[in-house]
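Enquirer: Take this structure first; my questions come after.
The values are calculated or read from the model by the stated rules, or taken from the named source; none is laboratory data. These figures come from a predicted structure and were not determined experimentally. Quick reminder, even Gly has a Cβ in these numbers, built from the backbone with ideal geometry, and neighbours come from all protein chains shown.
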Amino acid sequence: MDITDRQKKILCQIIEEYAETASPVGSVMMAKLFGVSPATIRAEMARLEALGLIAQPHTSAGRVPTDAGYRFYVNNLEGTTSFGEESELAKRSFERGTHAIEVRVTSQSQADAAIRRAVDSLVELTGNLGLATIGGQLYLSGISQLFTQPEFVDVRRVQAVAKLLDNLEPWLREAAPGEPLNIFIGQENPIGRNSEVSLIVSKFRSPFSDRSYIGVLGPTRQNYSRVMSLVRYTGNMLEEIL
């Protein structure tokens, strides 16, 4: 894809700003961040829009990321923490999160209880719905928390998410995603494609199966760097402990 370094940074900033505010990102604010004119930012945004990486939901609104924009962003996160360097605050937050998961999981003597504790911890740390396969069953936690997100004011999206959850356990069993960390963004989801959610799951070996899964499901608007790192860490930790 023909995209400049500045356009990558603008896309990254739009995604991260939108994750925080849930509001379209405008050119004036971006111009201040990048130290250029709003006209320059608008030109760069137009290029990103032409590439299908961002969209303008309303004529006078700012821009929001598309599924393709999120996918480009996530692919560039693989093997790195972000487009740039993580802040010390973000690193400390991640370390506190992983420590909390480890303490809660290692305090359990039963494998199923340990997995449930890990899922509950991911819910608290990410604000998403948490899930895991335990002995052929799908354990879910944080459904009410998921539906407090502004994306789910639309009842049609809620229904699409419900359809996805109803079919998720058999799909995981049959499809058996093979990567250690699997990310399905928006339309990439095999079920509930119009729900505008991302499914992030880690495969791990457990006493129940060589293909157990743990992860989260949340709106496409989220902090992918942090969530992916937490899910990856939790899957690796469970495999070591169990």
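Enquirer: Has segment 130-140 got any residue that is touching a strand residue (DSSP E or B) at 6+ places or on another chain (Cβ under 8 Å) and either part of a helix (DSSP H, G or I) or more than 26 Å from residue 210 (Cα to Cα) (or both)? Before the answer, list the steps.
Expert: From segment 130-140, those touching a strand residue (DSSP E or B) at 6+ places or on another chain (Cβ under 8 Å) are 130-134, 138-140; that's our starting set.
Cutting the leftovers down to either part of a helix (DSSP H, G or I) or more than 26 Å from residue 210 (Cα to Cα) (or both) gives us none.
Among the residues of segment 130-140, not one is touching a strand residue (DSSP E or B) at 6+ places or on another chain (Cβ under 8 Å) and either part of a helix (DSSP H, G or I) or more than 26 Å from residue 210 (Cα to Cα) (or both), which makes the answer no.
Enquirer: Residue under question is residue 221, and the condition is that it be of a type in the set (Lys, Arg) and part of a loop (DSSP other than H, G, I, E, B); does it hold?
Expert: yes
Enquirer: Any idea which of 46, 39 is within 27 Å of residue 151 (Cα to Cα) and outside the structural domain of residue 187 (by TED's automatic domain parsing)? Please lay out each step first, then the result.
Expert: Details: 39 fails: within 27 Å of residue 151 (Cα to Cα).
The unique qualifying residue is 46.
Enquirer: So which pairs qualify, if the first residue must be in segment 152-164 and charged (D, E, K, R), the second must be in a helix (DSSP H, G or I), the Cβ gap must be under 7 Å, and the two must be at least 6 apart or on different chains?
Expert: Every condition considered, the pairs that remain are 157/151; 157/195.
Enquirer: Please work out which residue is farthest from the chain's Cα centre (by Cα), limiting yourself to segment 137-147 and to residues that are free of Cβ contacts under 8 Å to residues at least 24 places away in the same chain and over 14 Å from residue 222 (Cβ atoms).
Expert: Of everything passing the filter in segment 137-147, 144 is farthest from the chain's Cα centre (by Cα).
Enquirer: I've got another one for you. Answer yes or no: is there a residue in segment 166-185 that is in contact with a Lys or Arg (Cβ under 6 Å, 6 or more places away or on another chain), within 22 Å of residue 227 (Cα to Cα), without any contact (Cβ under 8 Å) to a residue 40 or more places away in the chain and crowded, with 21+ Cβ neighbours inside 10 Å.
Expert: no
Enquirer: Consider residue 95 against the criteria (1) under 25 Å from residue 185 (Cβ atoms); (2) of a type in the set (Asp, Glu); (3) in a helix (DSSP H, G or I): it satisfies all of them except one. Which criterion is unmet?
Expert: Checking residue 95 against (1) under 25 Å from residue 185 (Cβ atoms); (2) of a type in the set (Asp, Glu); (3) in a helix (DSSP H, G or I), the one that fails is (1).
Enquirer: Of all residues in segment 145-169, count the ones that are assigned to a helix (DSSP H, G or I) and out of contact with any strand residue (DSSP E or B) (no Cβ under 9 Å at 6 or more places or on another chain).
Expert: Within segment 145-169, the subset assigned to a helix (DSSP H, G or I) is 145-146, 150-153, 155-169.
From the residues that got through so far, the ones that are out of contact with any strand residue (DSSP E or B) (no Cβ under 9 Å at 6 or more places or on another chain) too are 153, 155-156, 158-159, 162-163, 166-167.
Summing the residues that are assigned to a helix (DSSP H, G or I) and out of contact with any strand residue (DSSP E or B) (no Cβ under 9 Å at 6 or more places or on another chain) in segment 145-169 gives 9.
Enquirer: Hey, could you check segment 71-93 for residues that are in contact with a helix residue (DSSP H, G or I) (Cβ under 6 Å, 6 or more places away or on another chain) and modelled with pLDDT of 90 or more and say which is surrounded by the most Cβ atoms within 10 Å (Cβ to Cβ)?
Expert: For segment 71-93, the residue satisfying everything is 73.
Enquirer: Residue 201 is checked against (1) hydrophobic (A, V, I, L, M, F, W, C); (2) part of a helix (DSSP H, G or I); (3) more than 8 Å from the chain's Cα centre (by Cα) and fails just one. What number does that condition carry?
Expert: It is condition (2) that residue 201 fails.
Enquirer: Output the residue which, of all residues in segment 19-49 that are within 25 Å of residue 127 (Cβ to Cβ) and in contact with a strand residue (DSSP E or B) (Cβ under 6 Å, 6 or more places away or on another chain), is surrounded by the fewest Cβ atoms within 10 Å (Cβ to Cβ).
Expert: 24
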